[in-house]
Amino acid sequence: MENSEGGTSSEADGDTPQTSSCPNRASDPARPSSSEQREARRLREAKQQQHQQERRRRRRRGEGQEQLLRETARRRLPGQREHSEACGSVSDAAESSPKRRAHFLHGPYPATHFGPKACILPNPTSVMHIQDPSSQRLTWNKPPVNVLVIRKIRDETLAEPFKELCRFLVEEKQMMVYVERRVADDGTLSKDENFGSIRNQLCTFREGYDDISDCIDLIICLGGDGTLLYASSLFQGSVPPVMAFHLGSLGFLTPFKFESYKTEVDKVFEGNAAITLRSRLKVKVVKDMFLPQLQQREQEQEVNGLVPHRYTNSEAGKVTLQLQVLNEVVVDRGPSSYLSNVDLYLDGRLITSVQGDGVIVSTPTGSTAYAAAAGASMIHPNVPAIMVTPICPHSLSFRPIVVPAGVELMITLSPDARNTAWVSFDGRKRQEIQHGDCIKITTSCFPVPSICCHDLVYDWFESLAQCLHWNVRKQQTRLTEASDTSDTEN
């Protein structure tokens, strides 16, 4: 009976074959006794039960993890889910084959589970998803109709390229072309009788008076980097795609050559062009925000550098200016001979006091402008970050820093400042900052979609080499046999 039960159990588990009973086995001195057989069978069955329980636990744990993954995927944005699945498929393919992995400019989507029991709490309030830059391609929901042409002012050499481009857009492409009124009223255009028919079909506007933000499909810039900065200032919300031709002095942000403008414009109208999303800064200037509390603030101590809530109340004060800035916000000492002394806050916490000629808060696009001259690193425009660069600081240890793009920076005059400060935004709208005023800066959700000539990696390094002569030097010559060999002889 025991033998048949043991055999049936073994057969059901499938681990050991069933053995037939033998009446003479007990009398065989080489074989174990019946009590030893029962003990071995009991140990074997206990081990099998442990294996079965372990398999059931693993199955339940796997089902729980799958359910958690489904819940995380449900709460995640669609773009994030596609990105993680794509990263997973690419990693699986990379593990199963020796081929090189696909090129991504952002790192892979990080794993959200750590070990068997730890994971990141899913956040259903996430509102930002950063698409991999290598997959950013321009497409048109509808064919573009309205084109804004921005021309560098006070440069007579751009008159002929401007007329040629407008004639091509109006006559061959049947586009509605918008230009500034001062550009259309330029003397070189009004005197050209052959351009008169095209000039009469141009739509004109005046900066600060006419709102064209909802009617422009494409922006074409003729000039230098200033034309792109000016185009950004015209659109304080969503910005149409920008195609910039290099007809200025520097041209770091203008990758296209005008000699082949017809071919390049046709490619953009067809779609599928590579674009670089150049992040901008959302800036607010708040007047008299701290003025009622300045005297009381001097008598109170900040706790761990954290400013009391009443001092950072967003409802206090009056917002006198709100801008979208593409390059940088510069706070300097102005005409005063004293050092600039401003306090820098990050998400309401005092980080440091800047004593020197000033401070630059820039985007990655602005890292190759004033910030580069002040000693900052040059950052690719697709890196989500904000740069803080001091201008001639009165401390040798004050180095430029890079902070995450989602933080809010606030700059105010220090209570001990001997003079006021001045602030400018992309070199424009310069104004004075007094005690009690503050400047709030964070990353805007309206980037500038800059169309690439080749791709966003090649264009950037090409600009570094051609415009800034980055790492350009005379190459070292190779050694010859007739050269000095004293080092080898020793």
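Mind giving me the FRET efficiency for Ser190 and Ser249? R0 is 35 Å, r the Cβ-Cβ distance, nearest 0.05 is fine.
About 0.85, to the nearest 0.05.
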So which of Lys163/Lys257; Lys163/Lys267; Lys142/Lys429 end up more than 27 Å apart by C-alpha?
Lys142/Lys429
Cα gyration tensor shape of the range 176-221, rounded if a/c is under 1.5, else prolate or oblate by comparing a/b with b/c
prolate
Put Tyr345, Tyr178, Tyr370 in order of accessible area, largest first, probe 1.4 Å, and you get Tyr370, Tyr178, Tyr345
Any chance you could look up the accessible area of Lys318 with a 1.4 Å probe, heavy atoms only, rounded to 10 Å²?
140 Å²
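What does the highest-first list of 352-359, 185-192, 416-423 look like by mean Cβ count within 10 Å?
Going by the mean number of other Cβ atoms within 10 Å, highest first, we get 352-359, 416-423, 185-192.
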Could you check the simple spin-label distance between Arg181 and His469, using points 7 Å along Cα→Cβ, in nm with one decimal?
4.4 nm
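I need the shape label for the range 165-268. Rule: rounded when a/c is under 1.5, else prolate if a/b > b/c, else oblate, with a, b, c from the alpha carbon gyration tensor. Walk me through the numbers on the way to the answer.
Numbers: a/c = 1.39, a/b = 1.11, b/c = 1.25.
Rounded shape, in that the Cα axes give a/c under 1.5.
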Cys221, Cys453, reordered so the largest accessible area comes first (probe 1.4 Å):
Cys453, Cys221
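Just subtract the alpha-carbon distance of Ser424 and Ser197 from 0.36 nm times their residue separation and send over the number in nm, one decimal. Display every interim value, and only then the final one.
Numbers: separation 227, 0.36 × 227 = 81.72 nm, distance 4.08 nm.
Once the chain is fully extended between Ser424 and Ser197, it gains 77.6 nm.
When the chain is fully extended, how far beyond the present Cα-Cα distance does Val145 get from Ala373, taking 0.36 nm per residue of separation?
On the way: separation 228, 0.36 × 228 = 82.08 nm, distance 4.04 nm.
The Val145-Ala373 span can extend by a further 78.0 nm.
The values are calculated or read from the model by the stated rules, or taken from the named source; none is laboratory data. This is a predicted model, so every value here is computed, not measured. Here the Cβ is made from the backbone with ideal geometry for all residues, glycine too, and neighbour counts use every protein chain on show. Just the protein is used for accessible areas: all its heavy atoms, side chains included, with ligands, DNA and RNA removed. Shrake-Rupley method; radii C 1.70, N 1.55, O 1.52, S 1.80 Å.
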